[in-house]
Each structure stands twice: as structure tokens, then as C-alpha cells.
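Q: Dropping a structure here in C-alpha cells format, bear with me for questions.
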Amino acid sequence: MTDLFTTASGHLRARHRAEWRFRWLGRLAIVFSLGFLLIMLFSITSLGKGALSRAEIQLSIDLSAASSLEDVNFQKAVRSALFATFPEVTDRSDKRALLKLLSSDSGYELARMVEENPALLGQETTLWFTASDDIDMYEKGAIDANLPENRRRLKDTTLGWVRTLESRNALRSVFNTAFFTSGDSREPELAGIFSALVGSILSLIVCFALSFPLGIMAALSLEEFSKKSRWSDFIEVNINNLAAVPSIVFGLLGMAIILNVFGLPRSSPLVGGMVLALMTLPTIIIASRAALRSVPPSIREAALGMGATRVQTTFHHVLPLAMPGMLTGAIVGMARALGETAPLIMIGMVAFIVDVPQGFTDAATSLPVQIFLWADSPERAFLEKTSAAILVLLGLLIVMNIAAVVLRKKFERRY
Amino acid sequence: MTKTLTAIAVLALTTGAAAAQERISIVGSSTVFPFSTTVAEHFGKATEFATPVVESTGSGGGLRLFCAGVGADTPDITNASRRIKASEVAGCAENGVTDITEVKIGYDGIVLANSVEAAQFDLSLRDIFLALAANVPDGNGGTMPNPYTTWAEVNPALPATKIEVMGPPPTSGTRDAFAELAMEGGCKTFDWISELKGEDKSAYKELCHTLREDGAYVEAGENDNLIVQKLAANPDALGIFGYSFLEQNADLVQGSIVNGVAPEFEAIAAGDYPVSRSLYVYVKNAHVGEVPGIAEFVAEFTNEETWGEFGYLAEKGLIPMGEAEMAQFAEDAANLTPLLLD
């Protein structure tokens, strides 16, 4: 009797220990994955925060001789203002090096400022101009002035000028709005995310407009209207397989059919959206079927019992109840499409696009492609742009996922 | 809901089509990509024309698209980090692309670099070949699988560190150029291999171009920034990449001396540095006049301010040609002189 009791309590202790171990293993797993997520976010944020600011140089621009926009050679005006700031620089090659303090865009920058504010014409004013990426990197501490001269991007003379500017308070750091409002550029100080963002959004609109209705119709027909047969099993297996096909295959399909047979414009968000729609369609169908299946049969039976037709039952009762699940599936599928680059290579969206796309048939690129292109650029300053672009992409994904949760919460009905 | 969505889509499509502009479409080499995009951006800003769209498809992929035919849905210009092949010219002609203008835009040096923490390498092409080839001469007129594990075994003057070289995968044009210039250059310093070229060209190529696959040569992907990062972290390794990445990362990596010449701007421009290749742009003459701005774009590219010694492309790492060569190609480009392969 006592023997039995001691063995039983011994067993109990072992079982409790096993329980305890299992719980802690689970917690450890969560801590690990959260830890990795935090490390990733931390490293990206610490790299990417640099992209939010940029260096500017103050110059005294003399436009007193000009009365209209056509009178001014803006490039020359900026150049002579810079030379006037450093009158001691006379050597031709030194002057060349001096010009590299400023972004190559500074002439256009002045032109834009004057266009916005014509009052600048006919007077002498001090204005701020975007500095070149090397100066910007130096200001952010990415260039070490203590290295020997031949190993750093900024030579001693340039560093001397930068220090002079600093001592005159003619060098400042401002919020980099251009990063969010302009398109891609080969000059890191000018490069922005906007054209890629618009391209991504346009592609997603096309993707949603095509895949959501099609996906729902397919799911409805399979789940509500078709009889279970060998034929429907065959279709079901195919759809499940399609969901697992590598995305580059859809790109190849897009190139072969959408570009070559239909002749739609290359590099356009229309074609990109169509390819992404092909890719998300299986995901949406599967999610929508699961949502339809979770609607209790009693609802259908009640509606049919009241004399509603199949179509009425489906559209008045079943579909509204299944909608939150379908939307969630669609948004998750779209979030995956947002991060895709592979299918876009084939249809020409992996491209350098400066202008913001004006419509669905205009050339465009997408956020992940922009990240890829920047990561591959030699200029050091693109490193922070890459990280900042990743943050923008992550932000968009978070917004989409929150939208999925909110929609589900809002429309969900419990019975 | 579906109805409104379709309506929006249709509306957006029609307005989008109206807004779409005719713009120059450029495809091709990822090595030329940084240069042609820079020109495209300048061109877009300085002229009334829309900024050209530049795709990075690789030299071979670009030429395939370029040669697919004449018409609005084919590219107008392709970039290549090697010269167009006779077979590609023939393929082009089959599809109706007969007149192509070849514009050589400059040179790109391929560097072998290591971390600044380690000593600079002083290599000969023969050292590079012996260290990286799959099969090397065994000294008796035959070949053997590469037995060398350290640089000192290849050449006693080199350090006794493990041979570990990170470079691009076979799909890369940089890899092709490296095999052709560095590997083959070192390979043919052996007299009997040099003679083999006349007898059995494919065996010669096989021997000279094949890189070892036993872990000494590490395929590090197409991303040169990644190679630079890995070199900075591992002072014993060497990496193969384009000159522009060396120029941008001089605080992290240093280029090895090859055949007594360091990979510096002047040395590559003068043709003294042995591992440098020409970069090309090919223009489809049939599209000039059809797509607005092509002639102007080529003019921008071949402008002294662009591809000259002090032009903005030199700043991006392109090594300019000599004066005479530059003048010749600028003239050919301006006249759209069709390419003739000899």
C-alpha cells in the first residue's frame, strides 16, 4: 500500500517536472524569436535612421542681375556662390574638388527654389543647398578623419573646407523630406522612396482588384455550388499545389503570356499586379474556402427552409458571415505579394525608375526591388537608404496586417 | 463591391494609358547599370524627354531582349560588359534587328582585394591561375587537380595563408571577364598550354577557365557590397569585384597588385593593369527617330562632361578611354555607324 503510494507520488513529481520543462521550453522559444526580431529591428533602425537627415550647406546667392527665370544660369550661379565662399581656392583641380561639396543637383535645386519664390530674383540672399553624399556621410560620422588620407573618401583639403563651413555655421543637418517625396536617384543624397512606394501601391491595387473577386467566386463555386466529385477533388489538389509554386514561375508565365501574347507594356504596375494576382489567387481561394466552411450549416439550412434559393442563401447569409475571414486571407496574400521581387524580374520591374508613375501602364518599380537595387549600389551612403527603405516596407506590412485584424474584429460575428 | 472595384480598375487603366509616355527603354549588364542609370538621370533632368527606364538584366539577358525584334515592346538600347558575339549579331539579324551601333563607353577594372588589416598581395597572373584553377599543370606536361591550399605553396614569396577567394557566380559577367583576363592570362604563361590553344581550343578553354570547386573559391553572390563586408570581417580572404566598389570602400579594403601594377585609376585608364575589360552600349538604329530622344541620349552619353576624364561617370568609377579612342567612338555614335564584326 505504502509502496504504491510512494511510486505514485514519485510519478506525479516527474510529471509535474515534465510539465514545467515543457512550459519553459515554450517560453524560451518565444524569447528567442522575439530576441531575433528585436536584434533585426535594432540593427535596421540604427542603420536606417541616418537616412532621415541630410547635410545642407549655406551659400550666398547673387541673383541681383536677373529679372526673369530665363535670365539665370542656375548651375553657374551656385558655382560662383561656392567659389565666392572660398576665394582662396584658385587652382582648377581644387575648384573641381570644391564643387564636390555640393550635390550635383544644386543647380536644379536653386531653379526650383526660384520657381516657388520668384521674389528671390533681383536680390542677394543666403540659401541652403543639399550637400554631396560624402559630406553627408562625414557629418554622420561614417567617414573617419583619423585614417590616412589615401584610405578615406574625403581628402585633407576637402576636410579643411568642411571645417571652415562648420566654424561659419554654414553647415547644418535637416530632416530629409526628399527621401519620402522623390524618386530613385543614382546620387544617394537625392534618392527617395516615393516612386517605388507608388509603384507598389499601384501593383497591389491591380492585384487586389483581380484576385479578390476571382478568388471569392472560385471559392464560392467550389464550396457552395459544386458537387463533390473526382473533378472537384482534382481542382482542389491543383489549387493547393499552385499555392506552393515558387513565385519566379509566375513571373515567367507573366512574361510569356501577358507581355508576349497580350502585348501589355513592360515594367508597368498593370502587368506586375496581374502576375502578383496569379500568385495570390490560390492563397485567397484557400482562405476563402476555409471561411465559408466555418459558417455553420444551420444558417444555410434555415435560409433554404424559409424558401430562399441557393444564390440568395449564399449572398444574403453565408457570404457576409464569411467575409471577415476572406478579407483576412486576401490581406495576408497581398502582404506576401508586397514583398515579392522574383516574379517582377521577368516582367521588367527590376529597373531604375526616377519619375513617379502616373498610371497603371507607366513604368514603375516596387519597394522590395528598390531595396535590392540600393543594396547593390557601390556608394556607401546607400547603406542607410537601404535600411530606411526596409523600415518603410515593414511599416506598410504592419499597416496591412493591422487592417486585417481590425476588419476581422469589426465584421466578425459569433453564434 | 466587386462592381465598383472593376469600375475603378477600368477607369484607372484608361487614364493610365493616356498618361503613359514614350520613353527610352534600356536593358543589360548589371556592371554598366550604375553608369547608364546616372546618364539616364542627368538626361531626364537636363532635357524635355522622359527619364529612360533602365533594367538590370545581365549582358546576355539584355542582348536577348534587345535582339527579340524591332518595335515598341523591345528595348532601344542594351548595355554589355563584354562585346556582342557574332552569334548574337546573327540572332539579331534573324529577328530583323540589322543595324546596331556599338558605343564603347570605357573600361572597368576587376580587382582582387583584401582587408586593409592584412598585408597587400603582390600577385602575378600565373599565381592567380595556379591558386584558383580546378586543374593545374603537374610539371610533366600533364595536369592534376589543384593541390595548393596556401598562397605560399603557389609562390614562396606570398604569405602562408589559406587560399580563400570570394567572387561572383558563373551567371555574372564579372566572372566571365575574370576567367578570360586573369585566369587565361596566367594559364597561357605555360608554353605547352599556349600551344594547346592552336590544337584543341575547347580543351584549352576548359583548362584555363574552370575555377576550382573545393572551397578555395567561394561563390559569394552578385552583391559586391556583401563581398566587401565579408573581406572586412575576414582579413585572410580575398575578394573579386569591380573597381568602383574598391574606390568607394578604400577605408576597408585594398586592391592587390597584379603583374606589378596596382589597380589605380591611371593604371587602368592607361591599359597597364591587366585585368580590365571594356564596357559597351548597343543602340538599335531602327528605333532612332521612332522613340523620341535616343540620339540625344547617346549624345549625352558620349559627351566629354559625361564619359571624359573629369566627367560624372569617372566619379562613379568608370575608367575613361584615351582621347583618340573616345573621339572615334563619339563620332561613330553621332553618325550611328552600324556595327561590323570582323
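Bear in mind that the values in this text are calculations on the coordinates, not laboratory data. Every value quoted in this text rests on a predicted model; they were computed, and no experiment measured them. Methodologically, a virtual Cβ is constructed for each residue, glycine included, from the backbone with ideal geometry; neighbour enumeration extends over all protein chains shown.
Q: Hull surface divided by four, with the convex hull built on the Cα atoms of the stretch A:52-176: how many nm²?
A: Mean projected area for the stretch A:52-176: 8.1 nm², to one decimal.
Q: So for each of B:98-108, A:280-290, B:156-166 I average, over its residues, the number of other beta carbons within 10 Å; can you give me the resulting order with the highest mean first?
A: Result, highest mean first: A:280-290, B:98-108, B:156-166.
Q: Which value does Rg/Rh take for the stretch B:197-292 over its C-alpha atoms, Rh per Kirkwood?
A: A ratio of 1.09.
Q: To continue, here is another question. Stokes-Einstein at 20 °C, 1.002 mPa s, Kirkwood radius from Cα pairs: D for chain B in µm² s⁻¹?
A: D, rounded to a whole number, is 98 µm²/s.
Q: Round to the nearest 10 and give me the degree value, 0 to 90, for the angle of helix A:74-85's Cα axis relative to the longest principal axis of chain A.
A: Computed tilt is about 60 degrees.
Q: As a test of understanding, state the convex hull volume per residue of the protein assembly as shown from its alpha carbons, in Å³.
A: 277
Q: Next up: Students often forget the sequence filter, so: which aspartates and glutamates lie under 12 Å Cα-Cα from B:K284 once same-chain residues fewer than 8 apart are removed?
A: B:D76, B:D99, B:E102
Q: In the neighborhood of A:S43, defined by Cβ-to-Cβ distances under 15 Å, what is the net charge if each Lys or Arg adds +1 and each Asp or Glu adds -1?
A: That works out to 0.
Q: For the stretch A:287-362, what does the alpha-carbon gyration tensor say about shape, rounded, prolate or oblate, given a ≥ b ≥ c as the root eigenvalues, a/c under 1.5 as rounded, and a/b over b/c as prolate?
A: Prolate.
Q: Same structure, new question: What does the convex hull of the Cα atoms come to per residue for the stretch B:280-338, in Å³?
A: 80
Q: A follow-up question, please. Going by how many other beta carbons lie within 10 Å of each one, how would you line up B:V53, A:V318, fewest first?
A: Least crowded to most crowded, the residues run A:V318, B:V53.
Q: Moving on to the next point. What number, in nm² with one decimal, is the all-direction average of the projected area of the convex hull of the alpha-carbon atoms of the stretch A:243-385?
A: Over every viewing direction, the Cα hull of the stretch A:243-385 projects on average to 11.5 nm².
Q: Which entries in the list B:K45/B:K316; B:K162/B:K205; A:K228/A:K409; A:K155/B:K162; B:K104/B:K188 go over 29 Å, if you measure between the two C-alpha atoms of each?
A: A:K228/A:K409; A:K155/B:K162
Q: Here's a follow-up. Just going by the charge dipole of the protein assembly as shown, with Lys and Arg at +1 and Asp and Glu at -1 on Cβ, which of A:W231, A:G307, A:F83 is farthest out on the positive end?
A: After comparing all options, I get A:G307.
Q: Mind checking B:43-54 for the average number of partner chain beta-carbons within 10 Å of each residue's beta-carbon?
A: 4
Q: Another question, then. Could you work out how far helix A:230-242 tilts from the main Cα principal axis of chain A, as a 0 to 90 degree angle to the nearest 10?
A: So the helix axis and the longest Cα principal axis differ by about 30 degrees.
Q: Here's something else I'd like to know. Mind checking A:344-353 for the average number of partner chain beta-carbons within 10 Å of each residue's beta-carbon?
A: Taking the mean over all residues of the peptide, I get 5.
Q: Using only Cα positions of the stretch A:2-49, each an equal point scatterer, no hydration layer, compute I(q)/I(0) via Debye at q = 0.13, 0.23, 0.27 Å⁻¹ and quote the log10 values to two decimals.
A: For the stretch A:2-49 at q = 0.13, 0.23, 0.27 Å⁻¹, log10 I(q)/I(0) is -0.52, -0.79, -0.89.
Q: Hey, got a sec? Which GluC sites (Glu not before Pro) in the stretch A:87-130 land in a DSSP loop and have at most 16 other Cβ atoms within 10 Å?
A: Hits after loop and neighbour filter: A:E88.
Q: Something else: How tilted is helix A:382-411 with respect to the longest principal axis of chain A? Cα atoms for both, answer in degrees (0 to 90, nearest 10).
A: For helix A:382-411, the angle is close to 30 degrees.
Q: For the stretch B:109-276, compute the orientation-averaged projected area of the C-alpha convex hull (one quarter of its surface), in nm².
A: That works out to 9.3 nm².
Q: Now for a different question. Could you sort the peptides A:306-317, B:74-85 by per-residue average Cβ neighbour count (10 Å cutoff), highest mean leading?
A: In decreasing order of mean packing, A:306-317, B:74-85 become B:74-85, A:306-317.
Q: Apply 1/(1 + (r/R0)^6) to the Cβ-Cβ distance of A:S229 and A:N260, taking R0 = 35 Å, and write down the FRET efficiency to the nearest 0.05.
A: The computed FRET efficiency comes out at 0.45.
Q: Work out the mean other chain Cβ neighbour count within 10 Å for the residues of A:261-271 and drop it here as an integer.
A: Average per residue, whole number: 3.
Q: May I pose another question? By DSSP, what percent of the beta bridges with both residues in the protein assembly as shown are antiparallel, rounded to the nearest 5?
A: Of those bridges, close to 75 percent are antiparallel.
Q: Taking the alpha carbon gyration tensor of chain A, what are the square roots of 5 times its eigenvalues, largest first, to the nearest whole Å?
A: Semi-axis lengths for chain A are 57, 32, 19 Å.
Q: Within the stretch B:202-266, report the GluC sites (Glu not before Pro) that DSSP leaves as loop and that have at most 14 other Cβ atoms within 10 Å.
A: Hits after loop and neighbour filter: B:E213.
Q: What's the whole-number percent of alpha carbon pairs in the stretch A:127-264 lying beyond 24 angstrom?
A: Here the tail beyond 24 Å accounts for 62 percent of pairs.
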